[in-house]
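**Student:** Input: one structure, supplied below.
The values are calculated or read from the model by the stated rules, or taken from the named source; none is laboratory data. In this text the structure is predicted, and so the values were computed from the model without any measurement. Please note: Cβ atoms are built from the backbone with ideal geometry, for glycine as well, and neighbour counts cover all protein chains shown.
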Amino acid sequence: MAKTRQQLNLENLAYISAGSIVDVEILTPTASKRIKTEFVGLLHERFVILNYPSAKRLSNAGEYLKDGVVVIVRAVLETGGGQVIAFRQQVMSVSSHPARLIYLNFPTEVQLFSLRSQTRIPTLLAAKIKFNDEREMQGVIKDISVTGVMFDVKSKADLSELKNTQCHIMLDKNNKGVTEFSGQICSVKSHATSAQFGIQLTASEDEMKTFMKDHFIDLSVLEPLV
């Protein structure tokens, strides 16, 4: 019997690489909290295992990360041309020995969508990218959507090691409105004298639309969400 689309989507969980960074959205009665942590692995039809976030990543969300809490997990698949896999499930247990780990109930359904499912609008916004180790690089935001940006830097070095790292995009302080965004580098394309980072941002769609309006970017070209 042919497999259903949902069964095929569930099989894609196996393509989340151990050690890769995943986005975890903790759902609370008042607001959601978003944190980053590492994907550890899974036991099919039993549970999914995540690393317990470091204190720096956890910030003030620790009190919400406990048994029974519902979370949404999003991860970029190594295969599939930049597809994101997402699922919603309850925290089964948080272990403390031999390592602090988060066990999630195995999802019954997952969603797949492309990082490029949003219309990207060409821009030339000067900015700099900053990494957690305090390194900074000057560059240009070449295009923008409600979910991410393409950031171009001048460099002859191999920057592929920066894939899956956290970063901050900072615009000139003279810019109107929001001047800093956080995100994760999901792709790195190297050229002879430059490199391009495909960055998924953590800002909400409303925040991105406000930012675009502040910079006179025409929102009418945006397609409806898939």
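**Student:** In region 39-63, which residue that is of a type outside the set (A, V, I, L, M) and assigned to a strand (DSSP E or B) is surrounded by the most Cβ atoms within 10 Å (Cβ to Cβ)? I'd like the intermediate steps shown before the answer.
**Tutor:** Of region 39-63, the ones of a type outside the set (A, V, I, L, M) are 39, 41, 44-47, 51-54, 56-57, 59-60, 62-63.
Among the residues that remain, those that are also assigned to a strand (DSSP E or B) are: 39, 41, 47, 51.
Details: 39: 20, 41: 14, 47: 17, 51: 17.
Among those that are of a type outside the set (A, V, I, L, M) and assigned to a strand (DSSP E or B), it is 39.
**Student:** Considering only region 69-88, how many residues are within 15 Å of residue 19 (Cα to Cα) and part of a loop (DSSP other than H, G, I, E, B)?
**Tutor:** Summing the residues that are within 15 Å of residue 19 (Cα to Cα) and part of a loop (DSSP other than H, G, I, E, B) in region 69-88 gives 2.
**Student:** Next question. Please find, among 3, 36, 66, the residue that is modelled with pLDDT of 85 or more, more than 20 Å from the chain's Cα centre (by Cα) and either part of a loop (DSSP other than H, G, I, E, B) or of a type in the set (Lys, Arg) (or both). Show your work before the answer.
**Tutor:** Working: 3 fails: modelled with pLDDT of 85 or more; 36 fails: more than 20 Å from the chain's Cα centre (by Cα).
Residue meeting the stated conditions: 66.
**Student:** Is it fair to say residue 158 is exposed (fewer than 14 other Cβ atoms within 10 Å of the Cβ) and either more than 19 Å from the chain's Cα centre (by Cα) or modelled with pLDDT of 90 or more (or both)?
**Tutor:** Details: exposed (fewer than 14 other Cβ atoms within 10 Å of the Cβ): yes; either more than 19 Å from the chain's Cα centre (by Cα) or modelled with pLDDT of 90 or more (or both): yes.
In short, yes.
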